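The values are calculated or read from the model by the stated rules, or taken from the named source; none is laboratory data. Here the structure is a predicted model, which is why all the values come from computation and not from measurement. All Cβ positions, even for glycine, are placed from backbone atoms using ideal geometry, and neighbour counts span all protein chains on display.
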Amino acid sequence: MSRGPELIVTEKENAARRIAEILSGGAAETERRNGVNVYRWGGKRCIGLSGHVVGVDFPPEYSDWRDVEPAELVDAPIVTEPTQENIVAALRRLARNASRVIIATDYDREGELIGKEAYELVREVNDEAPVDRVRFSSITEREVKDAFDDPDEIDFDLAAAGEARQAIDLVWGAALTRFLSLSARQLGDDFISVGRVQGPTLKLLVDREREIQAFDPESYWELFGELSKKATGAGSGGEFEAQYFYVDVDGTEAERVWDGPTAETLADALRAADGAEVDDVNRRTRTDDPPAPFNTTQFIRAAGSLGYSAQRAMSLAEDLYTAGFVSYPRTDNTVYPDDLDPRELLEAFRGTRFGDDAESLLSQESIEPTEGDEETTDHPPIHPTGELPDASELSDDEWEIYELVVRRFFATCAPAATWEHLRVVALADGEASRIGAEADPRAALREHDGDVEGDVETTGTPSLVADGGLRLKANGKRLLEAGYHEVYPYVSSKETIVPDVEAGERLDLGERRLEAKETQPPRRYGQSRLIEKMEELGIGTKATRHHTIEKLYDRGYVESDPPRPTRLAEAVVEAAEKFAEPIVSEGMTAQLERDMAAIASGEKDYDEVTDESRELLETIFEELADSREEIGDHLQESLKADKTLGPCPECDSQLLVRKSRYGSYFVGCDGYPNCEYTLPLPSTGKPLLLDETCEEHDLHQVKMLAGRKTFVHGCPQCKADAADEADDEVIGDCPECGETEGGELAIKQLRNGSRLVGCTRYPDCDYSLPLPRRGEIEVTDERCGEHDLPHLRVHSGDEPWELGCPICNYREYRARREGSELEVIEGIGEKTAEKLREAGVEDVGSLKDAEPDELADEVDGVGPDTVRDWQAKAD
DNA sequence: GCAAGGTC
């Protein structure tokens, strides 16, 4: 009997390629099976999966939402089916005659489950070959070879922990999602979802919004004075700003004065001062340690401060990873593995544009990279691979992100920075003490009347004025050693200069200011702050948190950026808090983590944990049964509130944003069909109702979200009125019907806010040319010789610009677009455009000429319908 | 068509 090949299975294609390279010493060849790369050398084959290639679901008889009571899902069977047919087929073919199978998926819980899934697929076709498991934390020669020299077994308990998570997530998510959707009669694309991760994430946002809405601002005052060293013969002294402070009842310093009259008295006192004397000088040196290596969350946060959304940052990092320039971007690890030699990696940057920084780091006697708190087994922290891109290979955004990763790695190898902090306290004297003594110290306190901060009872009296005068303080900091700031410009190293002064020194007191301020509500979570918070609470994973946020947008739960929850989101959270609390609580994940740990250690098993979870969900459904209508009504009201613009001018109902049969948006009356009042909306983008309303019509302003083409439309009634009032301005003959029918071209303002040059015989003749949305259009005396039309000039911004003859302008626009980059088409990103160019499609023009089926065959992950969709958009 | 988790 001939021995078949050994089969190695990895979690992803990239890992398969690199492992094959390492184990074969570079001799592996690539062949395609079912459109999947298989690496072969000697008696070995290596195939990469694409994460989970099978998925859990309910059997088909449960798939109709209307025929199945959501509660039935609680005890429904769960089946596992292939989701990536081609990869599953390739794996089966290879497994059939394999003599041995080695599972080399990622070294984490989900990797163990993916490995077990591969094992099951292998066993379907081959019940003899031994199946081993190898584990390594990073794909380096030493780790991989060590792992393959000493193979282990699949940890079925650990995999079962992952399976329990799958089952619980499916059952809770599907049952409650269907319940909410059915109760609100939202069954189309606009179903109402909840889940173990999206639930608590949404509640974070809703809770913050509740705090903001409940916030009651308080007034307070702060005082400032401009101090300066007295000019001496040797040179002029520096000026610096100092702030008034007093000593609170508990002995701490306080700057905010919570009472207006008291603040005024103190300001009078400060104005009466004729100078200040330095009372105390305090110098301290502080070290400022370099940052820890990047995990996914901290990477997203740093990219966020450069203006990238979480989604965009991850997509760019994935591109850089696939191209081989940075390591795997999905990781929780903040400790470099032992086999990452920082010196060696720094040397790879010699002679590049990072060369000087790399050299200066290499000149250190020893390099001890920083470490974060989290050390995991799956992947190393995100770092450059040492494979160097040519700047021209990367888009501007990719380069910026690449540089961030390189510089972060540099920073982790760099020395700490040191700062000198200088704190100066001076007393504003002269008449200040006498006048200041007139201020009521108790009134300065926030809690003085006992009701502001609840039951905080304050006793004692603060000291508003010191013996020698009004206290002023200034804090300066100077960078003594730049340390890692030299190589990592993304965190501020700004200095605040306070000049050297000595105790007892007299200072001039210049301008004095009393500033009235208000306490501010808490800020909304930004995307990266939200991801940090999710990580803190343990919800979601490094690979999914940014997707969860995208999902909240897709479901209509949040809008704009930073994400703001809609009324629908509030209603979903309210309903869940009342009837299905676990689904919006981070506690559910915490419990699940405990249960999974118990399964992994063998204390519990899959059935025990999933049965227990089903029982809890069962009781929740018992409660829900009676409240179905109540919940549904509230959800529907909230959905309507999210779409409500304001009062209808023709009846007592409200105007709503509606969607036409053709998928376009318009404004219609809630009283339809009794009231048929409508207003049009622009044809591009998805409408978002802003908080601001139109003073004249009491309607919410409308913003049209359309990616880079997003714009504020304003009040749709105002736009329609403006169009009704504007007279069409005739500029020449219609080229289509001017001679035969006498049609003329005119500049027209449409009721949906757009403008065009169109035929006066519309709709009999629909000849039209586009015009820009913004700016005033001037008809000049100059005429186009070819089309006999006047040149147009557009007044927007500071400088008017020449649009010229509208026909020539449109022709040029078309030509530019035809020859322009593929990326102008919605849905084509940089990666897809690159793939298209490889297939010989260089620009929009050649995309339009392409045969959809042929092109789809040539480009991975693109179907003929997608091509047709692009072609339609190109027109 | 539901979730969350992989991967792209």
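Data overview
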{"item": "Single residue of A:THR285, A:THR265, A:THR334 found to be polar (S, T, N, Q), more than 16 Å from DNA strand B (Cβ to nearest atom) and part of a helix (DSSP H, G or I)", "result": "A:THR265"}
{"item": "Failed item in (1) out of contact with any helix residue (DSSP H, G or I) (no Cβ under 8 Å at 6 or more places or on another chain); (2) more than 21 Å from A:GLN186 (Cβ to Cβ); (3) aromatic (Phe, Trp, Tyr), with A:TYR553 passing the rest", "result": "(2)"}
{"item": "Residue in the stretch A:673-680 that is within 22 Å of A:CYS805 (Cβ to Cβ) and of a type in the set (Ser, Thr, Tyr) present", "result": "no"}
{"item": "Matching residues, the stretch A:365-384, being within 16 Å of DNA strand B (Cβ to nearest atom) and buried (at least 17 other Cβ atoms within 10 Å of the Cβ)", "result": "A:THR376, A:ASP378, A:HIS379, A:PRO380, A:PRO381, A:ILE382"}
{"item": "Residues satisfying the stated conditions in the stretch A:491-512, i.e. in a strand (DSSP E or B) and either surrounded by 13 or more Cβ atoms within 10 Å (Cβ to Cβ) or under 35 Å from the mean Cα position of the chain (by Cα) (or both)", "result": "A:THR496, A:ARG506, A:LEU507, A:ASP508, A:LEU509, A:ARG512"}
{"item": "Candidate set from the stretch A:11-39 (those that are among the basic types (Lys, Arg) and either touching a helix residue (DSSP H, G or I) at 6+ places or on another chain (Cβ under 8 Å) or outside any strand (DSSP E or B) (or both)); member that is farthest from DNA strand B (Cβ to nearest atom)", "result": "A:ARG33"}
{"item": "The stretch A:68-86, subset farther than 17 Å from A:VAL171 by Cα and within 9 Å of DNA strand B (Cβ to nearest atom), residue surrounded by the most Cβ atoms within 10 Å (Cβ to Cβ)", "result": "A:GLN84"}
{"item": "The stretch A:146-168 - residue that is touching a strand residue (DSSP E or B) at 6+ places or on another chain (Cβ under 7 Å) and charged (D, E, K, R) and, of those, farthest from A:THR80 (Cα to Cα)", "result": "A:ASP152"}
{"item": "Residues that are under 19 Å from A:ARG811 (Cα atoms), in contact (Cβ under 8 Å) with a residue 40 or more places away in the chain and of a type in the set (Lys, Arg), drawn from the stretch A:731-784", "result": "A:ARG773"}
{"item": "Of the criteria (1) farther than 21 Å from A:LYS686 by Cα; (2) surrounded by fewer than 14 Cβ atoms within 10 Å (Cβ to Cβ), which one A:SER660 fails", "result": "(1)"}
{"item": "The stretch A:169-213: number of residues that are surrounded by 20 or more Cβ atoms within 10 Å (Cβ to Cβ), touching a strand residue (DSSP E or B) at 6+ places or on another chain (Cβ under 8 Å) and closer than 15 Å to A:MET588 by Cα", "result": "1"}
{"item": "Among (1) touching a Pro at 6+ places or on another chain (Cβ under 8 Å); (2) farther than 22 Å from A:GLU622 by Cβ - the single one A:GLY48 does not satisfy", "result": "(1)"}
{"item": "Members of the stretch A:163-175 found to be under 28 Å from the mean Cα position of the chain (by Cα) and near DNA strand B (Cβ under 8 Å from one of its atoms), listed by number", "result": "A:ARG165, A:GLN166, A:ASP169, A:LEU170, A:TRP172, A:GLY173, A:ALA174"}
{"item": "Residue, farthest from A:GLU630 (Cα to Cα), within the stretch A:176-193, restricted to residues that are near DNA strand B (Cβ under 9 Å from one of its atoms), outside any loop (DSSP other than H, G, I, E, B) and hydroxyl-bearing (Ser, Thr, Tyr)", "result": "A:THR177"}
{"item": "Restricting the stretch A:574-605 to residues that are more than 13 Å from DNA strand B (Cβ to nearest atom) and of a type in the set (A, V, I, L, M, F, W, C), the residue that is nearest to the chain's Cα centre (by Cα)", "result": "A:ALA575"}
{"item": "Conditions (1) in contact with a helix residue (DSSP H, G or I) (Cβ under 8 Å, 6 or more places away or on another chain); (2) at pLDDT 90 or above; (3) farther than 27 Å from A:ARG196 by Cβ; (4) outside any loop (DSSP other than H, G, I, E, B); number of the one not met by A:LEU689", "result": "(2)"}
{"item": "Long-range neighbours under 9 Å by Cβ, at least six apart or interchain, first residue closer than 18 Å to A:ALA641 by Cα within the stretch A:542-569, second near DNA strand B (Cβ under 10 Å from one of its atoms) and small (Gly, Ala, Ser)", "result": "A:ARG555/A:SER193; A:TYR557/A:SER193"}
{"item": "Residues within the stretch A:659-686 that are modelled with pLDDT under 85, at negative phi and not charged (D, E, K, R), tallied", "result": "4"}
{"item": "Contacts under 7 angstrom Cβ, first residue in the stretch A:175-203 being not assigned by TED's automatic domain parsing to the domain that holds A:LYS551, partner near DNA strand B (Cβ under 8 Å from one of its atoms) and modelled with pLDDT under 95, 6 or more apart", "result": "A:SER181/A:LEU187"}
{"item": "Given (1) out of contact with any helix residue (DSSP H, G or I) (no Cβ under 7 Å at 6 or more places or on another chain); (2) farther than 30 Å from A:PRO563 by Cα; (3) surrounded by 14 or more Cβ atoms within 10 Å (Cβ to Cβ); (4) at pLDDT 95 or above, number of the condition A:ARG284 does not satisfy", "result": "(3)"}
{"item": "Residue within the stretch A:351-364 that is in contact with a Pro (Cβ under 9 Å, 6 or more places away or on another chain) and exposed (fewer than 15 other Cβ atoms within 10 Å of the Cβ) present", "result": "yes"}
{"item": "Pair list, Cβ < 8 Å and 6+ apart or interchain, from the stretch A:582-607 residues that are over 20 Å from A:PHE621 (Cβ atoms) to residues that are of a type in the set (Phe, Trp, Tyr) and at pLDDT 95 or above", "result": "A:ILE599/A:TYR606"}
{"item": "Options A:GLY510, A:GLY483: the member that is in contact (Cβ under 8 Å) with a residue 60 or more places away in the chain, closer than 20 Å to A:ARG408 by Cβ and not hydroxyl-bearing (Ser, Thr, Tyr)", "result": "A:GLY483"}
{"item": "In the stretch A:96-112, the residues that are surrounded by 23 or more Cβ atoms within 10 Å (Cβ to Cβ), at pLDDT 95 or above and either within 16 Å of DNA strand B (Cβ to nearest atom) or of a type in the set (Ser, Thr, Tyr) (or both)", "result": "A:ILE103, A:ALA104, A:THR105, A:GLY111, A:GLU112"}
{"item": "Residue tally, condition small (Gly, Ala, Ser) and within 16 Å of DNA strand B (Cβ to nearest atom), over the stretch A:113-155", "result": "4"}
{"item": "Residue in the stretch A:148-158 that is among the β-branched types (Val, Ile, Thr) and buried (at least 21 other Cβ atoms within 10 Å of the Cβ) present", "result": "no"}
{"item": "Cβ-Cβ under 8 Å pairs, at least 6 apart or on other chains, the stretch A:31-59 side over 12 Å from A:VAL9 (Cβ atoms) and assigned by TED's automatic domain parsing to the domain that holds A:ILE102, far side among the small types (Gly, Ala, Ser) and within 8 Å of DNA strand B (Cβ to nearest atom)", "result": "A:ASN37/A:GLY48"}
